[in-house]
Amino acid sequence: MTPRERVLTTLKRKIPDKAPREVSWGAFTPSLMKTFREKTGADDPAEYFNFEVRSVVPAPTRKTGNFNSYYGSYTSKLLEKGKHDEMWGMLAEWGIVAVKGSRYHFSKILHPMANLRHPKEILNYPFPDLKESYRYTHIPDEVEKLKKRELAVMGELVVTIFELSWYLRGMENLLTDFMVNEKIANTLLDVITDIRCFQTEKFAQAGVDILRLGDDVGSQKRMIMSPELWRKYLKPRLRKVIQIAKRVNPDIHIFYHSDGYIEPIIPDLIQIGVDILNPIQPECMDPAKLKHQYGNKLSFWGTIGCQKTMPFGSPEDVKQEVKLRMQTVGQGGGLLLAPTHILEPEVPWENVLAFFEAVEKYGRYRN
């Protein structure tokens with residue numbers, strides 16, 4: 001099978017020649033990326049390890065001026081003296097900034113809408129120009145080139161609605177809005193959903209195979225909010241995004257990412273059109289159980305633990321976990337193997353290699 005055929009067969013919950021695999025987009029943290037370059041002499045893990053999937057994203061904004069010219073009035077009071085934003089990019093074009101933390105790559109996010117008190121202030125905020133068509137004109141050509149390489153293509157819309165909203169507003173503020181400031185909550189969520197719908201249509205028109213959506217709504221043992229609040233505020237908006245994608249391209253595969261425990265809403269995700277569940281952290285949910293319950297409706301992407309096995313297990317532990325996932329979640333197809341999150345600095349290089357070696361050894365299907 002070609003890489004793209006392998007992925008699409010898997011996502012249709014049929015049996016490929018072997019399980020596809022990847023390490024999530026951007027998952028090599030800076031210290032591990034340094035190790036990767038030193039060990040391999042390469043610059044791109046996706047190319048070096050031959051991932052079957054590649055991503056496409058909007059072009060950079062053509063807005064002129066610096067960050068402060070747009071967002072300084074929202075962020076200047078939040079920034080500590082001598083510190084500055086680090087994110088003039090995907091998140092910073094929303095006005096979201098971060099200051100350096102004390103260790104590794106970790107940063108503290110500052111929330112530019114934290115002090116807004118009225119829906120009109122939300123509407124007057126300088127949102128990015130992601131509804132300008134020039135940001136998507138390159139994508140059809142990129143998709144075609146990747147498909148000619150026999151790769152599956154993914155349109156990136158992670159941090160879709162909820163996460164982006166709390167990055168802007170602050171987690172505590174947004175969850176409070178859900179309870180007592182519904183007009184503010186609905187205004188912010190609606191603006192972001194409208195932008196995401198525009199982007200979704202552009203990605204679907206460009207012919208991506210997969211649309212990657214994602215909002216972390218799970219914590220270690222329970223959801224961040226009640227399932228009822230999720231159904232009130234987020235489910236209908238996600239449904240709208242997914243409906244647009246499937247109206248344009250009925251064959252598109254909808255990927256949904258949430259870390260943590262989200263079992264109460266999995267039937268809802270299926271109902272609104274999600275096809276792929278990610279990352280299925282084994283420390284939070286039982287992948288074999290979910291395969292048994294939903295394997296006829298979902299494919300599974302991830303399942304290799306990043307809280308225990310990848311950072312603290314031995315290379316043999318990593319290999320045995322891959323083998324177990326193939327024996328359980330991989331039965332009958334429908335499994336794309338991947339670590340369940342980014343690879344933090346604690347992950348030994350030997351465990352990264354062990355993951356790929358194990359997929360090659362245990363990930364093949366016998367005819």
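Values quoted throughout were computed directly from the atomic coordinates according to the rules given, and no laboratory measurement underlies them. Being a predicted model, the structure only gives us computed values, none of them experimental. With ideal geometry, Cβ positions are generated from the backbone for all residues, glycine too; neighbour counts draw on all protein chains shown.
Over all alpha-carbon pairs of segment 90-141, lay out the pair-distance distribution in 10 Å bins, whole %, shortest bin first.
20, 34, 27, 19, 1
Work out, step by step, the length gained on full extension between MET33 and ASP317: first 0.36 nm times the residue separation, then minus their alpha carbon distance; give nm to one decimal.
Details: separation 284, 0.36 × 284 = 102.24 nm, distance 2.24 nm.
Residue separation times 0.36 nm, minus the Cα-Cα distance, leaves 100.0 nm.
Please report, in whole Å³, the volume per residue of the convex hull around the C-alpha atoms of segment 261-337.
Measuring per residue, one finds 72 Å³ for the Cα hull of segment 261-337.
Could you state, as a whole-number percent, how many of the C-alpha pairs of the chain are farther apart than 41 Å?
In whole percent, the long-distance tail amounts to 10.
Can you give the extra length, in nm with one decimal, that the chain gains between ASP216 and LYS308 once fully stretched, where that is 0.36 nm per residue apart less the Cα-Cα distance?
31.2 nm
Mind checking the full-extension length gain between LYS297 and GLU142? Use 0.36 nm per residue of separation minus the Cα-Cα distance, one decimal, nm. Walk me through the numbers before you get to the answer.
Values: separation 155, 0.36 × 155 = 55.80 nm, distance 3.01 nm.
Here the answer is 52.8 nm.
Restricting the count to DSSP beta bridges whose residues both fall in the chain, what percent are antiparallel, rounded to a multiple of 5?
Details: 6 of 32 bridges.
Taking every DSSP beta bridge with both residues in the chain, the antiparallel ones total about 20 percent.
Order of HIS138, HIS111 from fewest to most other C-beta atoms within 10 Å?
Numbers: HIS138 14, HIS111 22.
Ranking HIS138, HIS111 by Cβ neighbours within 10 Å, fewest first, gives HIS138, HIS111.
Output wanted: per-residue J couplings in Hz (rounded whole) for segment 205-221, from phi through Karplus 6.51 cos²θ - 1.76 cosθ + 1.60, θ = phi - 60°, x for Gly and Pro.
4, 6, x, 4, 7, 9, 10, 8, 9, x, 8, 6, 10, x, 10, 5, 10
At what distance in nm do the modelled label points of ASN124 and MET1 sit from each other, each positioned 7 Å from its Cα along Cα→Cβ?
For the pair ASN124/MET1, the computed spacing is 5.5 nm.
Take the Cα radius of gyration of segment 209-367 and divide it by 2.2 N^0.38 Å, with N its residue count; two decimals is plenty.
Rounded to two decimals, the normalised Rg is 1.07.
Counting helices only, and only those DSSP H runs with n ≥ 4, report the 222 nm mean residue ellipticity of the chain as the sum of -39,500 (n - 2.57) divided by its residues, in deg cm²/dmol to the nearest 500.
Result for the chain, helices only: -12500 deg cm²/dmol.
Name the residue farthest towards the positive end of the dipole of the chain from the options SER219, LEU174, LEU11, assuming +1 on Cβ of Lys and Arg, -1 on Cβ of Asp and Glu, about the Cα centre.
Toward the positive end, the furthest listed residue is LEU11.
Treat each spin label as a single point 7 Å out from the Cα along the C-beta direction, and report the LYS77 to LEU353 distance in nm.
5.4
Using Cα springs under 10 Å in a Gaussian network model of the chain, which residue among GLY95, GLY305, GLY332 shows the largest mean-square fluctuation?
In this elastic network of the chain, the residue with the biggest mean-square fluctuation among GLY95, GLY305, GLY332 is GLY332.
Among residues other than PHE28 whose Cβ falls under 13 Å from its Cβ, what is the net charge (Lys/Arg +1, Asp/Glu -1)? Numbers along the way, then the final one.
Working: positive: LYS34, ARG37, LYS39; negative: GLU22, GLU38, ASP43, ASP44, GLU47, GLU344.
Around PHE28, the charge tally is -3.
For segment 182-232, what value does the Rg/Rh ratio take when both radii are computed over Cα atoms and Rh is the Kirkwood radius, given to two decimals?
Details: Rg = 14.2 Å, Rh = 13.2 Å.
That ratio is 1.08, to two decimals.
Please order HIS105, HIS253 by the number of other Cβ within 10 Å, starting at the fewest.
HIS105, HIS253
Describe numerically, in nm with one decimal, the distance between label points set 7 Å from Cα along Cα→Cβ at ARG62 and at ASP44.
Here the answer is 2.6 nm between the modelled labels.
Of CYS197, CYS306, CYS284, how do they rank once you tally other Cβ atoms within 10 Å and put the fewest first?
Neighbour counts put them in this order, fewest first: CYS197, CYS284, CYS306.
How would you classify segment 211-293 from its alpha-carbon gyration tensor, with a ≥ b ≥ c the square roots of the eigenvalues: rounded for a/c under 1.5, else prolate if a/b is greater than b/c, otherwise oblate?
Judged from the Cα gyration tensor, segment 211-293 comes out oblate (a/c at least 1.5, b/c at or above a/b).
Would you mind classifying segment 164-278 by shape? Square roots of the alpha carbon gyration tensor eigenvalues, ordered a ≥ b ≥ c; an a/c under 1.5 is rounded, otherwise it is prolate if a/b is larger than b/c and oblate if not. Please list the in-between numbers first.
Working: a/c = 2.15, a/b = 1.40, b/c = 1.54.
Here segment 164-278 falls in the oblate category.
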